[in-house]
1. State yes or no: is ASP73 in a loop (DSSP other than H, G, I, E, B), in contact (Cβ under 8 Å) with a residue 60 or more places away in the chain, open to solvent by 60 Å² or more (accessible area, probe 1.4 Å) and within 23 Å of THR26 (Cβ to Cβ)?
2. Take the residues of segment 1-22 that are touching a Cys at 6+ places or on another chain (Cβ under 8 Å) and not in a loop (DSSP other than H, G, I, E, B): which is modelled with the lowest pLDDT?
3. Looking only at residues that are under 12 Å from the mean Cα position of the chain (by Cα) and either hydroxyl-bearing (Ser, Thr, Tyr) or surrounded by fewer than 19 Cβ atoms within 10 Å (Cβ to Cβ) (or both) in segment 1-10, which one is nearest to VAL110 (Cα to Cα)?
4. Against the definition (closer than 17 Å to ASP10 by Cα and charged (D, E, K, R)), how does ASP51 come out, yes or no?
5. Kindly list, by first and then second residue, each pair from a residue in segment 95-123 that is free of Cβ contacts under 8 Å to residues at least 60 places away in the same chain and farther than 19 Å from ARG54 by Cα to a residue that is in a loop (DSSP other than H, G, I, E, B) and open to solvent by less than 40 Å² (accessible area, probe 1.4 Å), limited to pairs with Cβ atoms under 9 Å and residues at least 6 apart or on different chains.
6. Can we say PRO88 is farther than 24 Å from SER100 by Cα, modelled with pLDDT of 95 or more and not charged (D, E, K, R)?
7. Filter segment 124-149 down to residues that are over 17 Å from the mean Cα position of the chain (by Cα) and assigned to a loop (DSSP other than H, G, I, E, B) and give me whichever is surrounded by the most Cβ atoms within 10 Å (Cβ to Cβ).
8. Which residues, counting only those in segment 11-54, are open to solvent by 30 Å² or more (accessible area, probe 1.4 Å) and polar (S, T, N, Q)?
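The values are calculated or read from the model by the stated rules, or taken from the named source; none is laboratory data. Only a predicted model underlies this, so the values are computations on that prediction, with no experimental measurement involved. With ideal geometry, Cβ positions are generated from the backbone for all residues, glycine too; neighbour counts draw on all protein chains shown. The area values use the complete protein model at the heavy-atom level, side chains included, leaving out ligands, DNA and RNA. Shrake-Rupley method; radii C 1.70, N 1.55, O 1.52, S 1.80 Å.
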Amino acid sequence: MARRYASTGDQNAAASATVVTVVSATTIRPRIYEVVFGSAATPADQAFNMDLRRFTAAGTATAITPQGLDPADPAALASAGSNHTVEPTYTAGAILLGFSINQQATFRWVVPPDEGLVCPATAANGIGLEFVVVSGGTALCQSTIQHVE
């Protein structure tokens, strides 16, 4: 049975800012099967355009330890990051999922765990959730990405 992990990160809304990333290793191809996104700020009329995109360099971020959904599983081989001070190097045109949402709503995308978005087995490559367009402020947003290994 596949091992399942969750990584949660947050970021103040700003164009071209990354909320959370899943970073691969040479030993594993993590497969993202669920994304949840919402805002922790006081409700306002603010809109976000978001993209889940591939990257070839992870950038500099606060490390997140992916949490096993089964406490008997070993530590994840993939890593995760949030609150980037240097953004990942995104692959031009490699948008895997795009969505628009109002701050007062929550977004959830889920597929069966044996499907989803696959990261390459290449160090420092992976998939990140990035703000594309932000209108109306800089609300604090949070996202959880779940992946299998």
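1. On the way: in a loop (DSSP other than H, G, I, E, B): yes; in contact (Cβ under 8 Å) with a residue 60 or more places away in the chain: yes; open to solvent by 60 Å² or more (accessible area, probe 1.4 Å): no; within 23 Å of THR26 (Cβ to Cβ): yes.
No.
2. Filtering segment 1-22 for residues touching a Cys at 6+ places or on another chain (Cβ under 8 Å) gives 10-13, 19, 22.
Those left that are additionally not in a loop (DSSP other than H, G, I, E, B): 10-12, 19, 22.
Numbers: ASP10: 93, GLN11: 93, ASN12: 90, VAL19: 95, VAL22: 98.
The selected residue is ASN12.
3. Here is the first cut: in segment 1-10, the ones under 12 Å from the mean Cα position of the chain (by Cα) are 6-10.
Checking the rest, the ones that are also either hydroxyl-bearing (Ser, Thr, Tyr) or surrounded by fewer than 19 Cβ atoms within 10 Å (Cβ to Cβ) (or both) come to 6-8, 10.
Working: ALA6: 13, SER7: 15, THR8: 16, ASP10: 20 Å.
Looking at the filtered set, the residue picked out is ALA6.
4. On the way: closer than 17 Å to ASP10 by Cα: yes; charged (D, E, K, R): yes.
So ASP51 fits the description; yes.
5. Final answer for the pair search is ASN102/GLN46.
6. Judged against the criteria, PRO88 is not a match.
7. Applying the filter and picking the extreme gives ALA139.
8. Of all residues in segment 11-54, those open to solvent by 30 Å² or more (accessible area, probe 1.4 Å) come to 12, 14-16, 26-27, 29, 31, 36, 39-45, 47, 49, 53-54.
If the condition is that a residue be open to solvent by 30 Å² or more (accessible area, probe 1.4 Å) and polar (S, T, N, Q), then ASN12, SER16, THR26, THR27, SER39, THR42, ASN49 are the ones that fit.
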